[in-house]
Amino acid sequence: DDLPWDFSLGLQEYGSDASVFIGELDADLAILGFEATIGERAEVIYQAVRQLDWSLQSEPTGQDCISILENPVGNCVDVANLMYALYKHYDIEVQPVYVQQTLSGNFNHSCVGVIDEAGEIILVDATIRDGFNIKHNEWYPISETEFLSQFYGSRGLALELAGEEAAALIDYSTSYTMCPNRVTSLLNSAGILMARGDYAVTENYLLQLSEQGYQSAQFSYVQGYFHLHQGEVKEALYDFQEALKLCPTHQGAIEKIQKIKTP
């Protein structure tokens, strides 16, 4: 695949939403002149992205940068992908950023960091108003390889939600191969394979996650589902209860517990 932040081919279609956007942005940046600072140029790009008719959602779309400009729908990963692409397009040094906790207290978020003349990172989060030079609570830069792995994992989830499980498994595998600590891609693969009845591979994936010390409500739920299909009801009930401890609103775990306890 071409890199998801590569504009080189998509801008050839004159009059497309993407080419119009870039043309207008070129003009806005030209007005700043050559003496503009990196921060000033970066903020103009941020404002241009903020003016798109966004439909932000919790699930990713896995679109590349051209597709996002044509169809500005997605979550923080999609928005960060577009911002990263634009800053690279305009030769502004940028790093992908993983946000452990946002300024508002939310967890597991993505944005980007622009490197200014002094080598300092300016956090840019185009999912929110006043997101330029935002002061998120806990964050750290990630590598481009990790960012690309995140993209494939997000696209895999979008494909899975669209019912394209075979394509989703390919993206999940690519994501995990590129970045083995991206365990959510392995977990999502396990869920698909178990639904298909491939319990041997599912067991292997769950074992790998367990050995890495991975914990999440969804992991406990998938483990419980696996044990249930193996006839291990006691173990399944324990896993579903663990899922509820981690996420009290986990509807799947609630339903499974009720089903097990109902005579």
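Could you tell me whether any residue of region 125-134 is surrounded by fewer than 18 Cβ atoms within 10 Å (Cβ to Cβ) and assigned to a helix (DSSP H, G or I)?
no
Among the residues of region 188-199 satisfying the criterion of being among the hydrophobic types (A, V, I, L, M, F, W, C) and modelled with pLDDT of 90 or more, which is nearest to Tyr176 (Cα to Cα)?
Step one: list which residues in region 188-199 are among the hydrophobic types (A, V, I, L, M, F, W, C), which gives 190, 192-195.
If we keep only those that are modelled with pLDDT of 90 or more too, we end up with 190, 192-193.
Numbers: Ala190: 12, Ile192: 15, Leu193: 15 Å.
Of everything passing the filter in region 188-199, Ala190 is nearest to Tyr176 (Cα to Cα).
Results for (1) out of contact with any Phe, Trp or Tyr (no Cβ under 7 Å at 6 or more places or on another chain); (2) part of a helix (DSSP H, G or I); (3) among the polar types (S, T, N, Q), shown as yes or no for each residue.
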| site | (1), (2), (3) |
| --- | --- |
| Leu3 | yes, no, no |
| Asp6 | yes, no, no |
| Ala27 | yes, yes, no |
| Ile31 | yes, yes, no |
| Val49 | yes, yes, no |
| Glu59 | yes, no, no |
| Gln95 | yes, no, yes |
| Tyr98 | no, no, no |
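Answer with yes or no whether Asp91 is of a type in the set (D, E, K, R) and in contact with a strand residue (DSSP E or B) (Cβ under 8 Å, 6 or more places away or on another chain).
Values: of a type in the set (D, E, K, R): yes; in contact with a strand residue (DSSP E or B) (Cβ under 8 Å, 6 or more places away or on another chain): no.
For Asp91, the condition - of a type in the set (D, E, K, R) and in contact with a strand residue (DSSP E or B) (Cβ under 8 Å, 6 or more places away or on another chain) - is not met.
Here is a list: Glu138, Glu117. Which entry is at pLDDT 95 or above and either touching a Phe, Trp or Tyr at 6+ places or on another chain (Cβ under 6 Å) or surrounded by fewer than 16 Cβ atoms within 10 Å (Cβ to Cβ) (or both)? Don't jump to the end; show me each part of the working.
Details: Glu138 fails: at pLDDT 95 or above.
Matching residue, one of Glu138, Glu117: Glu117.
From the list Glu93, Glu59, which one is in contact (Cβ under 8 Å) with a residue 60 or more places away in the chain and surrounded by fewer than 16 Cβ atoms within 10 Å (Cβ to Cβ)? Give the steps one after another, and end with the answer.
Numbers: Glu93 fails: in contact (Cβ under 8 Å) with a residue 60 or more places away in the chain.
Answer to the selection: Glu59.
Which ones in region 103-124 are among the hydrophobic types (A, V, I, L, M, F, W, C) and part of a loop (DSSP other than H, G, I, E, B)? Working first, answer last.
Looking only at region 103-124, we keep the residues that are among the hydrophobic types (A, V, I, L, M, F, W, C), and these are 103, 107, 111-112, 114-115, 118, 121-124.
Across region 103-124, the qualifying residues are Leu103, Ala118.
Tell me, please, whether a residue that is surrounded by fewer than 19 Cβ atoms within 10 Å (Cβ to Cβ), among the small types (Gly, Ala, Ser) and under 27 Å from Asn181 (Cβ atoms) can be found in region 202-215. Let's see the steps before the verdict.
Taking region 202-215 as the starting set, the residues that turn out to be surrounded by fewer than 19 Cβ atoms within 10 Å (Cβ to Cβ) are 203-204, 207-208, 210-215.
Still in the running and among the small types (Gly, Ala, Ser): 210, 213.
Now narrow it down to the ones that are under 27 Å from Asn181 (Cβ atoms): 210, 213.
Yes, region 202-215 has at least one match.
What residue, of Leu169, Leu244, is over 18 Å from Gln150 (Cβ atoms), surrounded by fewer than 21 Cβ atoms within 10 Å (Cβ to Cβ) and not polar (S, T, N, Q)?
Values: Leu169 fails: over 18 Å from Gln150 (Cβ atoms).
Leu244 is the lone residue from the list that is over 18 Å from Gln150 (Cβ atoms), surrounded by fewer than 21 Cβ atoms within 10 Å (Cβ to Cβ) and not polar (S, T, N, Q).
Among (1) modelled with pLDDT under 95; (2) surrounded by fewer than 16 Cβ atoms within 10 Å (Cβ to Cβ), there is one condition Phe147 misses while meeting the rest; what is its number?
(2)
Give me the helices (runs of 4 or more DSSP H) completely within region 169-255, filtered to those with at least 3 residues that are free of Cβ contacts under 8 Å to residues at least 24 places away in the same chain, farther than 21 Å from Tyr98 by Cβ and of a type outside the set (Asp, Glu), ordered by residue number.
Numbers: elements: 183-195, 199-211, 217-229, 233-246.
Fully inside region 169-255 and qualifying: 199-211, 233-246.
Taking Val79, is it closer than 29 Å to Gly119 by Cα, buried (at least 17 other Cβ atoms within 10 Å of the Cβ), among the β-branched types (Val, Ile, Thr) and out of contact with any Cys (no Cβ under 6 Å at 6 or more places or on another chain)? So that I can check it myself, show each step before the final result.
Values: closer than 29 Å to Gly119 by Cα: yes; buried (at least 17 other Cβ atoms within 10 Å of the Cβ): yes; among the β-branched types (Val, Ile, Thr): yes; out of contact with any Cys (no Cβ under 6 Å at 6 or more places or on another chain): yes.
Against the criterion (closer than 29 Å to Gly119 by Cα, buried (at least 17 other Cβ atoms within 10 Å of the Cβ), among the β-branched types (Val, Ile, Thr) and out of contact with any Cys (no Cβ under 6 Å at 6 or more places or on another chain)), Val79 qualifies.
Give me the pairs, please: first residue somewhere in region 124-151 and closer than 20 Å to Ile45 by Cα, second residue anywhere and among the β-branched types (Val, Ile, Thr) and in a helix (DSSP H, G or I), beta-carbon distance under 7 Å, and either six or more positions apart or on two chains.
Matching pairs, first to second residue: Ala126/Val49; Ala126/Val79; Thr127/Val79.
Just a yes or no: is a residue in region 66-78 part of a helix (DSSP H, G or I), in contact with a helix residue (DSSP H, G or I) (Cβ under 8 Å, 6 or more places away or on another chain), among the charged types (D, E, K, R) and in contact (Cβ under 8 Å) with a residue 40 or more places away in the chain?
Yes, region 66-78 has at least one match.
The values are calculated or read from the model by the stated rules, or taken from the named source; none is laboratory data. Predicted model, so just to flag it, every value in this text is computed and none were measured. All Cβ positions, glycine included, derive from the backbone under ideal geometry; neighbour counts span all protein chains shown.
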